[in-house]
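Here is the structure we will look at.
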Amino acid sequence: MKLYSYYRSSASYRVRIALNHKKLSYEHYSVHLVRNGGEQHAPEYKALNPQAQVPTFIDGDFVLTQSMAIMEYLEEKYPKPHILPKEPEQRAYVRQLSQICVADIHPLNNLKILNHLSGEFSISQDQKTAWYRKWVEQGFDALETLLGRSPFRTGPYCCGDQITMADMCLVPQVYNARRYEIPMTPWPLMAEIDDSCLKLKAFQDASPEHQPDTPDDQRPSFLKVHS
């Protein structure tokens, strides 16, 4: 297996968590989304991923893009441990939470959107930050409400005691919110879930600070590379 990833990519982050949780080994290939105008635009990479995005996942001869499709594929081909519950209602609930993160919050705050706002519309950094916060806060409000009223939220994670796709989508969004200095105080349930997940090795090893392409000055001190 191969994963084309960028250390700060939320979509790549989700897939890394899923691979780690299922204990699936893979080769990491870095695609730097900023350097040299963005390595995702190189012709050889676009031959793999016509959208010029990350992640791109390869299993043998099978090439797959889009983080949700990759996680669903992993669940179907390598089912244990499961990342979707067995009951249809719980599976739908997990997909609902996941889609809010993946389809509603993340696309509006994606790097290419932020760059477009800066480049084409010349908005200021303060305006860009306000844009980012607006959609994060709106999405987090909805997630917090759904978590609070769900009969399935009976344990430390989004769906009871089971790690699911919803947790794998939620944690990267919380990580991004904290990067933009958005306090999690208004969303205590999400903060609790994030804290529970980050105690697990699969989540820790998938974090942006622990990737092969993480800049040395952004690693924890004990992980810094010394020449």
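Observations on the structure shown:
- Taking ASP59, ASP194 and counting other C-beta atoms within 10 Å, the order from fewest to most: ASP59, ASP194
- Candidates TYR26, TYR13, TYR157, ranked by Gaussian network fluctuation over the chain, Cα under 10 Å, top entry: TYR26
- Cα gyration tensor category, rounded, prolate or oblate, for the range 82-227 with a/c compared to 1.5: oblate
- The range 126-200: trypsin sites (Lys or Arg not before Pro) falling in loop per DSSP and having at most 10 other Cβ within 10 Å: LYS199
- For the chain: relative contact order, % (alpha-carbon pairs under 8 angstrom, 6 or more apart): 24 percent
- Counted charge near LEU19, where neighbours are those whose Cβ lies closer than 13 Å (Asp, Glu -1; Lys, Arg +1): +3
- Label point distance in nm, ASP217-LYS2, each placed 7 Å from Cα along Cα→Cβ: 3.2 nm
- Proxy reagent accessibility, fewest Cβ within 10 Å first, across HIS21, HIS32: HIS32, HIS21
- Those trypsin sites (Lys or Arg not before Pro) in the range 18-115 that DSSP places in a loop and that have at most 14 other beta carbons within 10 Å: LYS23, LYS86
- DSSP beta bridges fully contained in the range 1-79 are about 65 percent antiparallel.
- Computing FRET efficiency as 1/(1 + (r/R0)^6) for HIS82 and HIS32, where r is the C-beta to C-beta distance and R0 is 41 Å, gives about 0.75.
Every number here is computed from the coordinates shown, using simple stated rules; none is lab data. If you're wondering where the values come from, they're calculated on a predicted model, not measured in any experiment. Neighbour counts run over all protein chains shown; Cβ positions are idealised from the backbone, glycine included.
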